[in-house]
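Here the structure is laid out as structure tokens; the discussion comes afterwards.
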Amino acid sequence: MHFKFKTISGRKYLYVIKNERIDGKVVQTIQKYVGTADQVYDLIMEPKETRIASYSFGKSAALLQGS
């Protein structure tokens with residue numbers, strides 16, 4: 001797999017591309033849109049807050065599952 005930028009109407013768009021060899025020829029099997037260059041940059045550079053939750057019933061559920 002690799003990334004490829006495509007320029008459409010003067011704007012750059014990022015795609016994930018996967019090529020496979022089928023019958024001796026390289027064929028593009030997956031092309032998935034990721035976003036514009038600006039959107040990808042923002043995702044990488046802006047820190048996001050991660051929320052983690054813990055529930056008290058997890059231990060008792062695990063113990064009941066084992067018996």
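Each value in this text was obtained by applying a stated rule to the coordinates, not by laboratory testing. Quick caveat, the model's predicted, so the values are computed rather than measured. Because the Cβ atoms are built from the backbone with ideal geometry, glycine has one as well, and the counts that use them run over all protein chains shown.
Counting only residues that are surrounded by 12 or more Cβ atoms within 10 Å (Cβ to Cβ) and either aliphatic (A, V, I, L, M) or over 14 Å from Met1 (Cβ atoms) (or both), segment 15-38 holds 6 of them. Of the residues making up segment 4-62, those that are assigned to a loop (DSSP other than H, G, I, E, B) and either touching a residue at least 60 places away in the same chain (Cβ under 8 Å) or β-branched (Val, Ile, Thr) (or both) are Thr50, Ile52.
For Thr29, the test of being touching a Lys or Arg at 6+ places or on another chain (Cβ under 7 Å) and of a type in the set (Ser, Thr, Tyr) is passed.
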